[in-house]
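Just below is one structure, and these are the notes that go with it.
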Amino acid sequence: MIDDMNALLLSAFWGVIMMFSSFLFKEKSAIRNLAIAGLILLIAANILEMNGRILFHIDTRGMIDFDRFSLLFNSIAFVSTFIYFLLSAKDIEKVGENYAEYFVLIFFILCGITLVTSFKSLLILFLGIEIISIPLYILTGADKRNLKSNEASLKYFLMGSFSTGLMLMGIALVYGAKGTFMTGIPLADMTNPATVPSAAPPLSVLFTAGMLLLLFSMSFKVSAAPFHFWTPDVYDGAPAVFTSFMATIVKVAVFAGFIRLFGDAFGTLQSQWQLLVAIITAATLFIGNITAVFQQSVKRMLAYSSISQAGFMLFALYAMNMDAKEGLILYAAAYSLATIGVFAVLIKLKDFSFEGFNGFSKKQPLLAATTTIFLLSLAGIPLTAGFLSKFYMLKAAMATGQNLWLVIFAVLMAAVSVFYYFRVIQAMYFKEGDGNADMTVTPAFKSVLVFLAIVVILLGVFPGLLLNWYYF
Amino acid sequence: MIAVLLIVVPLLSGLLAFFFKNEKAVRSWALFSGIVTLVISALGLTILNKAANLEFSGEWLGNLGSSFSVKLDGLGQLLCLLTALAFPIVFVATWNSHYKNANRFFALMLLSQAGLMGVFLAMDALLFYFFWELALIPVYFLCSQWGGEKRIQVTFKFFIYTFVGSLLMLIGIIYLYQLTPDHSFSIQSFYNLRLEGNKQTWVFWAFFVAFAIKMPIFPFHTWQPDTYEQSPTAVTMILSGVMVKMGLLGLLRWLLPVLPLASYSWGDVVMSMAVIGIIYGSLLAMQQDDLKRLVAYSSIAHIGLMCAAVFAVSRIGTQGVMIQMFNHGINIIGLWIVIELIERQFGTRKISELGGLAQKAPAMAILFVIVALANIALPLTNGFVGEFLMFNGIFSTAGTKYTLVFTILAGLGIILGAVYTLNMIRKVFYGNTGTLTESAHDISFGEKAVLTAIVAAIFMIGIYPKPMIELTNTIVDTIINKSDVFSSMKGH
């Protein structure tokens, strides 16, 4: 079996190139441009692959399968990273001296993302998750002289390793029950080849335990409650530029892996884990939204908001139907783009508290307007991509025909989310102040933000622009 | 095409208005856009009144089963005319009020007009929801930026209330959509659903809460007096004159015909809430010293009556509601205009600080008294036509056993309405002049013209309501056919 892996190889390769760039180039702008060029290549390679043009042929023995879903997801991740670079690559300079190395790590993370979105074997999943996690531990602690950054990094590393351990344990147990790492092969065929297909698959204790361990460890990675405790501290402690990357691109990519894992490996057992996922979803929504209301810092609020958005994305896992997959694609794009936009503006500020935004619309009317659009999208107001993505999720959950309480609960929580997103809008427009009077932004930065805002609105009116890629 | 233009013209002119620099220019631009919209609406009623012009259906979100379909039926005609009328009136009446960042103010006003038009025209549930929210967002910004002292909290409360309501409605819409055989959001598919009674109940409440918050119906009204008080008067006019009609339209177009069984079985509960609202609103209105709050509470009473008449599900009552929706819109805008004039002249809205205005400003007094009398439904005025039909409907309905109770209580509301309105007129316009009102001057020509136009409309509809009744005849039949449980049972 020959597999095509343009993006996977290219991202790893470009990571190595970036490594050399740190002593080849003196100017930081050269390093930055090299990174941006790498991403353009990545996007191009991925689009070629979507159209059937394959650059590298490698036999992976079916362990990796780049299907439509994973390719589209990779595209979203690459394009989001591209926009992230355009907006915030300059701000990475402020973090520390090892400018090129940060890009190296980001490219390696992208490589891990391509694995996580396309695995067919649990081993590849594990590999991908680790390739994502280890650079993230480093990026979190990149601000070496900042105690908070160090603490966040250590905390993330300890908790992350623990959950990786759980995942490995889960994989081992599932292997024990099935005798294979491949996810696509149903359990029934493996344990007892003689079983008639109509009979319910026998559930061994090994298998169930493995599945639960995988559920928990993946929940940890996407910061679903009650496995979310690391998130606010890590997102708050990490340098804001990297929080932006972590909370968006990485998170949605792991979600894609989550869906893939439970769709492929445990899809036939949906009735077994559905209620559990429903409870995790409800808890995530509740904790994310309610706690976000009480935050004083916008950065920390966004950390909690990322938990609550994860709650909505969990609907895709809960429903696991066609709507859910489409919805997750749209959600990934909508959430990533909007959050990257908000962070890009936030990074420019000196004061991360809500008061820091006071009077912002007078100083920077354009930035305030685009930020408002991003926040409206995150809150799920119609005409923005955020609304349609939430709509898809609700629709997918309703299509399952059960647990209506979950949908109503989610909607009430969405109303709660308005509280904290609108606090920023209120500060920008209706309150006086000049906390960030002396910030400077380039016209290029502004135009990228405007472009991003237009994309958010376009996706909110014509989601087909993105979703049609899933089919054609 | 008319239907599309009614949305597109305010939308585009609103977006353009953001780029104006000069306050005067943007003001004129907004008025110009409002008049163009009014002309389009008038053309749709008269010369271009052909089915092909009034309907439009375009491809949009095809894979979701939603399309951009808009249509001007009788109800839509009436409400779009009201919207198209209201905005130029508001622009002219507040011509002399100054706003910081006027370009944003007028841009948002025009955007909210586009949203309102969309709500009144949408024939697709998802599109309806889109416009429902689109009308809300600009109003949120308008009230929070240009409102009174407590504007931020008050408007936020208003926003959260309506947002919760509309999200519940969204769940209801998705639920109904899942049940349609062709997986479509179109209104026809929703009408053809004919759900079983037990499935209708919760969807009914999900929809009803959204509409009840918007109207507002007791006990969902708590946002309303504060918001009306704190908003800039131009926005208050739109909120109370046009926006509350969104809720009533929701009941008439999206609730009763889609869920007739639940509407029948919960009709008594809803009518009780509405009647409580009438009495409660009237009693509170009697206590108010602030003119804006007085009108706000009186509006709760009037809307309550309309809601009760909707749930009476009778032909004549529904007809009355539709006419009254229009009447209430222009009457209440007339009241706000005078209140705005008083506030601008004296810097206060307190009834206790005013008095004897009729001596100093006779034209304002006469015009205001006529509008106020129309508001309490004196014969010969438009209010009488609407309320007479509605009472007729409530009294003669077979939908509830308690017709007599509801009619008497609602009638009590009318009497109370006369009490507080006449009392307010007496205290503000008659008696002796106070320190504030001694140097009062009468209103300007432009203001006179606007109020005279409103008064003319009041008498025209009051004396000759036939064109309006004819306009809404067909749509009333359609709604009643779908909503009346008894007649539909006969049909099966």
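The values are calculated or read from the model by the stated rules, or taken from the named source; none is laboratory data. No experiment lies behind these values; they were computed from the predicted model shown. Heads up, the Cβs are rebuilt from the backbone with ideal geometry, glycines too, and the neighbour counts pull from every protein chain shown.
Observations
- With a requirement of 3 or more residues that are more than 18 Å from A:ILE425 (Cβ to Cβ), the helices (runs of 4 or more DSSP H) lying completely within the stretch A:297-369 that satisfy it span A:298-319, A:322-348.
- Residues of the stretch B:85-101 include at least one that is within 12 Å of chain A (Cβ to nearest Cβ), over 17 Å from the mean Cα position of the chain (by Cα) and either buried (at least 22 other Cβ atoms within 10 Å of the Cβ) or of a type in the set (D, E, K, R) (or both).
- Within the stretch B:162-191, the residues that satisfy the criterion of being small (Gly, Ala, Ser) and either surrounded by 23 or more Cβ atoms within 10 Å (Cβ to Cβ) or within 10 Å of chain A (Cβ to nearest Cβ) (or both) are B:GLY165, B:SER166, B:GLY172.
- Residues within the stretch A:415-472 that are of a type in the set (Phe, Trp, Tyr) and closer than 24 Å to A:GLY359 by Cβ, tallied: 7
- Residue, nearest to the chain's Cα centre (by Cα), within the stretch A:411-426, restricted to residues that are hydrophobic (A, V, I, L, M, F, W, C) and more than 8 Å from every other protein chain (Cβ to nearest Cβ): A:MET413
- Number of the exception - B:VAL258 against (1) farther than 14 Å from B:ALA212 by Cβ; (2) assigned to a helix (DSSP H, G or I): (2)
- Residue match in the stretch A:433-445 (condition: away from chain B (no Cβ under 13 Å), surrounded by fewer than 15 Cβ atoms within 10 Å (Cβ to Cβ) and in a helix (DSSP H, G or I)): yes
- Yes/no for A:LYS348 being in contact (Cβ under 8 Å) with a residue 40 or more places away in the chain and either farther than 19 Å from A:SER223 by Cβ or within 13 Å of chain B (Cβ to nearest Cβ) (or both): yes
Residues checked against (1) of a type in the set (D, E, K, R); (2) in contact with a Phe, Trp or Tyr (Cβ under 6 Å, 6 or more places away or on another chain); (3) not in a helix (DSSP H, G or I):
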position	(1), (2), (3)
A:ASN33	no, no, no
A:ALA45	no, no, no
A:GLU49	yes, no, no
A:ARG53	yes, no, yes
A:ARG61	yes, no, yes
A:THR81	no, no, no
A:ILE106	no, no, no
A:THR117	no, yes, no
A:LEU127	no, no, no
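- Which listed residue, of B:ALA114, B:ALA107, B:ALA86, is out of contact with any Leu (no Cβ under 8 Å at 6 or more places or on another chain) and either without any contact (Cβ under 8 Å) to a residue 60 or more places away in the chain or of a type outside the set (Phe, Trp, Tyr) (or both): B:ALA86
- Search result, residues across the stretch B:106-135 that are at the interface with chain A (Cβ under 9 Å from one of its Cβ atoms), under 18 Å from the mean Cα position of the chain (by Cα) and farther than 17 Å from B:VAL8 by Cβ: B:TYR129, B:TRP132, B:GLU133
- With respect to the stated conditions, A:LEU388 is in a helix (DSSP H, G or I), modelled with pLDDT of 90 or more, at the interface with another protein chain (Cβ under 10 Å from one of its Cβ atoms) and more than 24 Å from A:LYS299 (Cα to Cα).
- Count - residues of the stretch B:147-161 that are facing chain A (nearest Cβ under 10 Å) and touching a residue at least 40 places away in the same chain (Cβ under 8 Å): 4
- Condition met for A:SER70 (at pLDDT below 90, in a helix (DSSP H, G or I), buried (at least 20 other Cβ atoms within 10 Å of the Cβ) and assigned by TED's automatic domain parsing to the domain that holds A:ILE249): yes
- First in the stretch B:184-203 and within 23 Å of B:ASN63 (Cβ to Cβ), second anywhere and of a type in the set (A, V, I, L, M, F, W, C) and surrounded by fewer than 20 Cβ atoms within 10 Å (Cβ to Cβ), Cβ under 7 Å, 6 or more apart: B:LEU193/B:LEU179
- Filter result for the condition that a residue is of a type in the set (Phe, Trp, Tyr), surrounded by 19 or more Cβ atoms within 10 Å (Cβ to Cβ) and touching a residue at least 40 places away in the same chain (Cβ under 8 Å), over A:PHE56, A:PHE107: A:PHE107
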